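Visitor: This is the structure, below, for whatever I ask next.
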Amino acid sequence: MIAMPCLRDLQESFFDAIAQPPPETEAAAPSALLRVVRERPPLDARARIAIYRGMYRARLLDVLRDDFPRTATMLGDDFLAVAEAYLDSSPSRHPSVRWVGRAFAEFLASSLSDDRPSLTPDLARLEWARLEVFDDADATPLHIDDLRHVPPGRWADLRFHLIPAFRLLECHWPVQKIWAEPHPTQRQWKSRTTIVRVWRQGFAVYQARVDATELLALECVKANEPLAVLCERIASTVPEERAAAVAGALVLRWAEDGILVAAEEPR
Amino acid sequence: MGCRMPFLGHGVGLRTKHYPGIWDGTARADWFEVISENFMIPGGRPLAVLERARAIAPVVLHGVSMSLGSADPLNDDYLLELKTLAARIEPAWISDHLCWGSIGGHYAHDLLPLPFTEEAIAHVAERVRIVQDRLGRKILIENVSSYLTFTHSTMPEWQFLAEVATRADCGILLDVNNVYVSAHNHGFDAGMYLAELPPDRIGQIHLAGHSDHGTHLLDTHDAPVCAAVWKLYRTALLLFGRVSTLIEWDDQVPEFDELIAEAERARAIERELLEVSLDDRHAVPA
């Protein structure tokens with residue numbers, strides 16, 4: 001008499017059968033599971049398990065293709081093999097399919113090969129950042145009119161926070177350009193250290209390159225430094241007498257982009 | 001005790017394609033059902049659209065990852081997030097599937113079949129009771145389409161579904177298309193399936209399309225409801241009376257008008273069979 005598996009044993013062998021790469025030989029099939037799957041023509045037990053394996057693969061590959069469309073384009077025919085290898089190495093650990101691609105960029109970075117564009121990890125990071133900010137927490141951004149009412153004497157003390165739906169990426173490639181290029185595989189791209197900010201304004205997601213001055217300024221905001229300190233820091237990248245004007249211009253641009261939240265009520 | 005839910009009419013599943021219509025108020029339906037997990041997020045457009053939909057009509061939260069049949073512990077974080085979402089949206093009810101989808105901390109993102117055994121009944125019923133306790137409300141559990149069954153099952157699926165619902169004291173979300181698909185794939189009588197369910201626990205009906213793969217039917221939700229499923233829906237209405245009905249369409253989603261046309265067809269069948277007048281549409285059954 002065949003011992004019937006308990007629920008856990010059954011589910012573990014079932015999951016292995018659908019999530020692991022397809023067996024190359026008959027002998028490699030999950031025999032413990034095959035014994036308890038009812039056969040009914042025209043499908044035998046193996047074919048019935050294969051339906052679930054096919055759905056598992058197709059669904060998760062669709063998710064990765066939807067979440068990383070430009071990375072998939074850049075990888076071309078290689079995408080399927082890379083995505084399958086990723087799913088094999090990183091089964092989903094979250095109830096929402098939304099998080100399936102969470103480690104895809106890191107996987108690409110750790111498995112770079114000579115025949116694969118080395119810009120793909122950065123491109124995947126950008127695509128993932130865009131997904132993250134798309135449904136990050138809402139915040140009421142500082143409006144440019146809020147700043148107009150601040151007396152000149154109080155500007156130096158102003159502090160800001162960044163909205164939750166904001167990411168700063170340090171990349172080795174000009175990913176914001178690669179992302180926006182309709183036919184990115186038809187151009188030769190040069191590696192270049194590029195800082196990109198990604199944010200959501202309303203329901204739309206945006207991205208822009210950040211220069212050295214803006215990066216310093218953003219780091220001050222993240223550190224909750226007042227505007228006076230921000231001016232001091234960026235004075236290392238612009239003439240000192242222009243630091244205040246540059247800082248003011250940055251703050252106005254950030255307010256227009258909707259990425260600032262007042263750390264304290266402007267008065 | 002039963003678990004009938006308020007009658008909401010004939011609704012449609014809310015999918016991304018129709019967000020603009022919800023946002024500008026042109027997409028109207030008796031009620032909407034949404035996939036819970038898609039809205040268990042911090043903010044942004046999906047939640048804003050969901051709140052707009054909720055302002056228009058009743059909303060039901062339909063989950064796909066509660067994994068009620070899993071041998072793993074229930075996911076506390078998931079239940080907390082679901083409860084938070086429910087507090088925000090105030091859904092008419094919450095539902096998920098009579099299946100498992102995770103084991104060993106890994107999620108398959110699929111609705112995987114259970115063996116129809118006493119062990120599984122006891123396990124799932126206990127977990128449904130815990131979930132209902134945590135959420136502070138009754139839930140509905142849905143029968144899934146399946147492509148395999150187990151040799152150690154000791155009862156038919158309908159008996160398993162009825163027994164879990166009774167022991168857990170929860171409602172049933174009867175997916176008529178899933179009954180049809182599974183009946184075809186496993187060779188049982190779909191009409192008998194329906195006839196054996198406890199009428200006082202049927203809280204909602206799902207209707208959807210499927211695809212024929214020659215050797216089996218696949219529950220793809222990518223096509224109109226087929227004639228055979230409409231026929232089975234008629235049987236369900238005659239057995240269970242007026243039940244909130246929803247059109248599910250997840251892939252190759254059509255224009256909103258086409259979805260509504262399917263919902264209107266369900267309404268017309270209900271009126272024809274049950275002679276429900278327009279004025280009674282939103283009445284709540286005793």
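Laboratory data are not the source of any read-out in this text; all were calculated from the coordinates shown. Values in this document were obtained by computation on a predicted structure and should not be read as measured data. Cβ atoms come from the backbone with ideal geometry, glycine included; neighbour counts cover every protein chain shown.
Visitor: Please tell me the relative contact order of the stretch B:127-253 in percent, rounded to the nearest whole number, where contacts are Cα pairs under 8 Å and at least six residues apart. Before the final figure, lay out the partial values.
Guide: Values: 202 pairs, mean separation 31.1, N = 127.
Result for the stretch B:127-253 is 24 percent.
Visitor: Other chains' Cβ within 10 Å of A:200-211 residues: what's the mean? List each step's numbers first, then the result.
Guide: Values: counts 3, 0, 3, 7, 1, 2, 0, 0, 0, 0, 0, 0.
For this peptide, the per-residue mean of nearby foreign Cβ atoms is 1.
Visitor: Contact order normalised by length for chain B, with contacts defined as Cα pairs under 8 Å and 6 or more residues apart; what percent is it?
Guide: 20
Visitor: Still on this structure: Label points 7 Å out from Cα along the Cβ direction at A:Asp146 and B:Glu258: separation in nm?
Guide: 4.5
Visitor: Sticking with this structure for a sec: Please give the contour-minus-distance gain from B:Ser211 to B:Leu80: 0.36 nm per residue of separation, less the Cα-Cα distance, rounded to one decimal in nm. Intermediate results must be reported in sequence, preceding the final value.
Guide: Working: separation 131, 0.36 × 131 = 47.16 nm, distance 3.59 nm.
Roughly 43.6 nm would be gained on extension.
Visitor: Let me ask another. Counting each DSSP H run of 4 or more residues in chain A as -39500 (n - 2.57), what helix-only mean residue ellipticity at 222 nm follows after dividing by all residues, to the nearest 500 deg cm²/dmol?
Guide: Values: 12 runs with 127 residues, N = 267.
Taking each H run of at least 4 residues, the total per residue is -14000 deg cm²/dmol.
Visitor: On a straight-distance basis, which lysines could pair with B:Lys138 in a cross-link, Cα separation under 24 angstrom, same-chain partners fewer than 8 positions away excluded?
Guide: Straight-line reach from B:Lys138, under 24 Å: B:Lys83.
Visitor: Kindly work out what percent of the DSSP beta bridges joining two residues of the stretch B:131-238 are antiparallel, to the nearest 5. Could you put the intermediate results ahead of the total?
Guide: On the way: 2 of 9 bridges.
Within the stretch B:131-238, antiparallel bridges account for around 20 percent of the total.
Visitor: Where in the stretch A:161-190 does the amide nitrogen come within less than 19 Å of the point 7 Å from the Cα of A:Ala208, taken along Cα to Cβ?
Guide: The answer is A:161-171, A:174-181, whose backbone nitrogens lie closer than 19 Å to the label point.
Visitor: Where Rh denotes the Kirkwood radius from the mean inverse Cα pair distance, what is Rg over Rh for the stretch A:138-267? Before the final figure, lay out each step's value.
Guide: Details: Rg = 16.0 Å, Rh = 15.8 Å.
When Rh is taken as the Kirkwood radius, the ratio is 1.02.
Visitor: DSSP loop (so not H, G, I, E, B), at most 14 other Cβ within 10 Å: list which GluC sites (Glu not before Pro) in the stretch B:1-73 pass both filters.
Guide: On the way: sites: B:Glu33, B:Glu37, B:Glu51; in loops: none.
Nothing satisfies the criteria.
Visitor: Another question, if that's okay. Modelled label-to-label distance, B:Arg167 and A:Ala228, 7 Å Cα→beta-carbon offset: nm?
Guide: For the pair B:Arg167/A:Ala228, the computed spacing is 7.1 nm.
Visitor: Please find the FRET efficiency linking A:Lys177 to A:Arg46, where r is the Cβ-Cβ separation and R0 is fixed at 56 Å, and quote it to the nearest 0.05.
Guide: On the way: r = 49 Å, r/R0 = 0.87.
Calculated transfer efficiency: 0.70.
Visitor: Could you tell me which residue out of B:Leu174, B:Ser211, B:Ala92 lies farthest along the dipole of the stretch B:10-274 toward its positive end? Charges go on the beta carbon: Lys and Arg +1, Asp and Glu -1, centred on the Cα centre.
Guide: So the residue furthest toward the plus end is B:Ala92.
Visitor: On to the next question. Pick out, in residue order, every one of the trypsin sites (Lys or Arg not before Pro) in the stretch A:116-201 that is DSSP loop and has at most 15 other C-beta atoms within 10 Å; say none if there are none. Write out the running numbers ahead of the final one.
Guide: Working: sites: A:Arg125, A:Arg130, A:Arg148, A:Arg154, A:Arg159, A:Arg167, A:Lys177, A:Arg187, A:Lys190, A:Arg192, A:Arg197, A:Arg200; in loops: A:Arg159, A:Arg187, A:Lys190, A:Arg192.
In loop regions of the stretch A:116-201 (DSSP not H, G, I, E or B), the sparsely surrounded trypsin sites (Lys or Arg not before Pro) are A:Arg187, A:Lys190, A:Arg192.
Visitor: Would you calculate a helix-derived [θ] at 222 nm for chain B, using -39,500 (n - 2.57) for each DSSP H run of n ≥ 4 and dividing by the full residue count, to the nearest 500? Walk me through the numbers before you get to the answer.
Guide: Details: 9 runs with 111 residues, N = 286.
About -12000 deg cm²/dmol.
Visitor: When you look at the Cβ of every residue in A:45-55, what mean number of other chain Cβ atoms sits within 10 Å? Could the numbers behind the result be given before it?
Guide: On the way: counts 2, 0, 4, 9, 2, 1, 8, 8, 0, 2, 9.
That works out to 4 on average.
Visitor: Hey, could you grab the Kirkwood Rh for chain A? Inverse mean 1/r over distinct alpha carbon pairs, Å, one decimal.
Guide: On the way: mean 1/r = 0.0452 Å⁻¹.
With all distinct Cα pairs of chain A included, I get 22.1 Å.
Visitor: Take the alpha-carbon centre of the stretch A:193-267, take the same for the stretch B:5-30, and report the distance between them in whole Å.
Guide: Distance between centres, Cα-based: 41 Å.
Visitor: Give me the tail of P(r) for the protein assembly as shown as a percent: Cα-Cα pairs with distance above 43 Å.
Guide: Across the protein assembly as shown, Cα pairs with separations above 43 Å total 29 percent.
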